Structures are given as C-alpha cells and as structure tokens.
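Just below is one structure, and these are the notes that go with it.
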Number of protein chains: 2
Amino acid sequence: MPTEPAWSRDEFEAQLRSKGAAYHIYHPFNVMLNTGKATPEQIRGWVANRFYYQIAIPVKDAAVLSNCPDADVRRGWVQRILDHDGFEIGGTRDAGGTEAWIQLGIATGLAREEIIDLRHVVPAMRFAVDAYVNFARRSPWQEAVCSSLTEMFAPEIHKQRLANWPEHYPWIESGGLQYFRQRVSQARRDVEQGLTITLDHFTTRAQQERALDILQLKLDILWAMSDAMANRYGVNP
Amino acid sequence: MPTEPAWSRDEFEAQLRSKGAAYHIYHPFNVMLNTGKATPEQIRGWVANRFYYQIAIPVKDAAVLSNCPDADVRRGWVQRILDHDGFEIGGTRDAGGTEAWIQLGIATGLAREEIIDLRHVVPAMRFAVDAYVNFARRSPWQEAVCSSLTEMFAPEIHKQRLANWPEHYPWIESGGLQYFRQRVSQARRDVEQGLTITLDHFTTRAQQERALDILQLKLDILWAMSDAMANRYGVNP
C-alpha cells in the first residue's frame, strides 16, 4: 500500500471536526430529549444513567495523568479533575461538576440517594463507559487525550439543552441546568489543550488516521450509551 | 495456621510506625550526607539521582487517583499532584516541589539542563523508582496509599537536612533548601490522610500484616535507591 502524504495541520483538524456528524446529538434518544418529547421518567432515566459517565470522567482523566511524564501537560489536565470533583484552594471554592449533575438530577425529581447508588444504571451503559476508562488506562496518554476530543462537539449539545429544556420541561427548575452552563466554557478551554496535543502528536498520515479511529471509538461509546438508554426507556415517536 | 486476632487501631498504627527503624535515614549514604562527610560531587549526585524519584511522585499519585472511585479521597489526594507540579488557581500560585528540587540542584552547582535530562541517573535508581510507580498502578488504591506511608518518617530526615546542611555545607545557598522546608508541613498533612485510609481499610490481622509488608516494600525501594547512589558515588568513612 503506498504511503499517503500527511494532512496539513488545518486539514487534519478539519478531518477531526468532520467526525461531529457521528456525534450522539443525532441519536434518536437525544433528539427526543432535546425536542421536548421525553417523559419525566425518560429524562430521569437519562440523568441517572449518565451519572455513571460523569463519575468515570475524573478517573479517566487521572489515568491520562498517570501515564503522562510531561509536567506542563499535567498542570493543564489536572484542572479537569478539579472541575469534576470540586476543590477548595486558597480562597477559591468549586463544588464540582459531579455535584452539579446531582443537582440536575434532584431538579428532575430524583433523590440524591438513587443517583449515587447507581441503581438505575443499565449494564450496557456500564460496559460502554468502562470501555472508555480502560482505553485511557491502557493507551499512550496522547491517544487518551485524542479520545477526549468529542468535547469539540459538546458545547453545541449543552447549548441545545439550555435553549430547549426550559421551554419544553418547565417543571425542571432552571437552577438544575447549571451543569450545562458551566460545561459550555469549560469544554472550550479543554478542547484547546486536547486539540493542540493531538495536532502536535499525530503527524504522519498513518498516525492521523489512527487519531480519527480513536475519535470514532469514543463516538461509538457515546452512541452505545444512548442506545443503552433507548433500549431501557424507549424512544417516543 | 490459627488466625491471630486483629490489632487495635492504636496497636496497628504503632506497628506501622515501628517500621521507621528500616527507614533510609540510617543508610550509610544518607548518614554520610547528613553528617557533613559528603563531597560536593556526592551531594550533586544525590540531588540529580533523587530527581528521578521526585518526578515519579505525581505520576504515582495520579495512579492512585485513577484507581480510586471515591471522590472525597481524590479531592484530598489531588493536592499532592498540585504540590509537586505546581498550580495557579484563583489568586493562589505555587511553583511546585519539582521546581523547588531543581532550585536545590542549582544551589549545589548543577545546571538545570543536566538535572532534567536525567543524565546522572543510574540504572538501579530507575528500577527502584519504577517499581514504586508500577506498584501504585497495579495495586488497589488503598495499597498504593499504604505504600506512601514512609512519609511518616520523612519530616525527621528533612529536619536533619535543614539542621545540618547549612553548617556542614555553607557553600550551598540556603534558599536552595526550600524544598525540605515545605515538605516538613506537607508531609504531616499527607500522613494524616494516608494513615486514616490505611487504618480504616486494613482491619483483619491478615490485612494488617499485608499493610506492614507493603510498607516494607516501600522501605526496600528507598533503601535500594540509596544503595544505587552509594555504588555510584561511594561512601566516605
């Protein structure tokens, strides 16, 4: 097989961004959620199941750190763990994204207890999320970073929720949507670091295509998570 | 073999602390360093080799995080990574312990470059330090936490350095000793978390004896590090 020339940095970034076409924003279960067709039970099911993903994120990010010998990268990446777990350093305090997600759950009518004990989490949800954490544990840290790049597409899905949920689901107290608000800006900052690392590291055409495969794996994981919830809670026409 | 009754919490802590008798504070190479008998070359060799341990610490701590599903524990433990790598959060800035160690090296006459490129690090030093990181990666996080408990004995060795080095080695600028100063208080706080986790987790006698074996492993690692440096730089009578 002849070796294809490497894509330019801009072309490679465009190739990565084109993967957004497979983002779960287009999954029937998400379309249902964000067009106002979900029942309270379906929304609660989504929040409770997705919590398993939320709590896996800081563990996944610690796996990146634990494989990364570059202190400059770690200094940027550790912010993700602080964002999710919360922190109190100097005079600055943040309750963290996991707590914000629990507040979302409470706003939809779930009790804190039934969120954190994971009773609603379906097996296929666990398998998909665990696949993500295991990939991050066992892969070179640059590949784990690349797998996080679905966050390029996340601000859009969060903005969709912020725009549509208050109209379609007025019974959810708007304070509960704080998680989506904070992730819009955090995801932008995170993308900047993850994308720079990916564009710097994957430089031959074969490596660039490997990066696209890794991003596809993560898209498959997110899609499988939506499938798992659709199978459990159904998709309304 | 009959099952021995578990030690009480106090007795178990006393057993752990008694392991201090095998701490490398008693290793001939360390005794030489802290009694003023080391040459500048031996001191520089120690600082340059020990740097390999310093940079492994945040990676080891990230391995603990990446195996730990308890967000409360992570919130405490992540502070160790921030302490070593440095951070700037809100108005609080810390250059980090790794940078403080480099400053120590510069104060002893090493160039930054020859510290960070690891040219002086002997193979046996790498093997011992890597054994520590690999143990933390592959063990349950409570065992990795237990292995960190040699820090119970660390304030003493740092205080010894602070007390003796200015007298014996006046050619080392005292600002270079800042690392030892900050670790005295950091190690005390770290011990508190590590010891609580260990006393809570290892509760049967068999588990308590396993904890002592783990602590011994870490003591062996620190001793082997001193052996590696003694073999390379010699021990003066």
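Quick notes on this one:
- Being within 24 Å of B:ASN30 (Cα to Cα) and not in a helix (DSSP H, G or I) is a property that holds for B:ARG119.
- Selection count where residues are within 14 Å of chain B (Cβ to nearest Cβ), of a type outside the set (Phe, Trp, Tyr) and within 18 Å of the chain's Cα centre (by Cα), scope the range A:119-144: 9
Residues are listed down the side, and each one gets a yes or a no for (1) without any contact (Cβ under 8 Å) to a residue 40 or more places away in the chain; (2) surrounded by fewer than 19 Cβ atoms within 10 Å (Cβ to Cβ):
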{"position": "B:LYS37", "(1), (2)": "no, yes"}
{"position": "B:GLU41", "(1), (2)": "no, yes"}
{"position": "B:ARG44", "(1), (2)": "no, no"}
{"position": "B:ALA62", "(1), (2)": "yes, no"}
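- Scanning the range A:91-114 for residues that are within 13 Å of chain B (Cβ to nearest Cβ) and over 18 Å from the mean Cα position of the chain (by Cα) yields a count of 5.
- The condition (being charged (D, E, K, R), surrounded by fewer than 21 Cβ atoms within 10 Å (Cβ to Cβ) and more than 30 Å from B:THR92 (Cα to Cα)) is satisfied by just one residue among A:GLU99, A:GLU114, A:GLU88, A:GLU151: A:GLU114.
- Set B:ASP213, B:ASP130: member being out of contact with any strand residue (DSSP E or B) (no Cβ under 7 Å at 6 or more places or on another chain) and under 30 Å from B:ALA6 (Cα atoms): B:ASP213
- When residues of the range B:40-68 are limited to those that are β-branched (Val, Ile, Thr) and more than 9 Å from chain A (Cβ to nearest Cβ), the one farthest from B:LEU149 (Cα to Cα): B:ILE43
- Extreme residue, surrounded by the most Cβ atoms within 10 Å (Cβ to Cβ), among residues of the range A:154-173 that are in contact with a helix residue (DSSP H, G or I) (Cβ under 7 Å, 6 or more places away or on another chain) and of a type in the set (D, E, K, R): A:ARG161
- Neighbours by Cβ (under 6 Å, 6+ apart or cross-chain): first from the range B:69-85, more than 7 Å from chain A (Cβ to nearest Cβ); second outside any loop (DSSP other than H, G, I, E, B) and among the β-branched types (Val, Ile, Thr): B:TRP77/B:VAL64; B:HIS84/B:ILE57; B:HIS84/B:THR98
- Scanning the range A:16-38 for residues that are polar (S, T, N, Q) and within 21 Å of A:GLN207 (Cα to Cα) returns a single hit, A:SER18.
Residue-by-condition table, conditions (1) under 21 Å from B:SER148 (Cβ atoms); (2) touching a helix residue (DSSP H, G or I) at 6+ places or on another chain (Cβ under 6 Å):
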| residue | (1), (2) |
| --- | --- |
| B:ILE197 | yes, yes |
| B:ALA206 | no, no |
| B:GLU209 | yes, no |
| B:ASP213 | yes, no |
| B:GLN216 | yes, no |
| B:LEU219 | yes, yes |
| B:ALA228 | yes, yes |
| B:GLY234 | no, no |
| B:PRO237 | no, no |
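Every number here is computed from the coordinates shown, using simple stated rules; none is lab data. All values reported here derive from a predicted model rather than from experimental measurement. Virtual Cβ from ideal backbone geometry, glycine too; neighbours counted across all protein chains shown.
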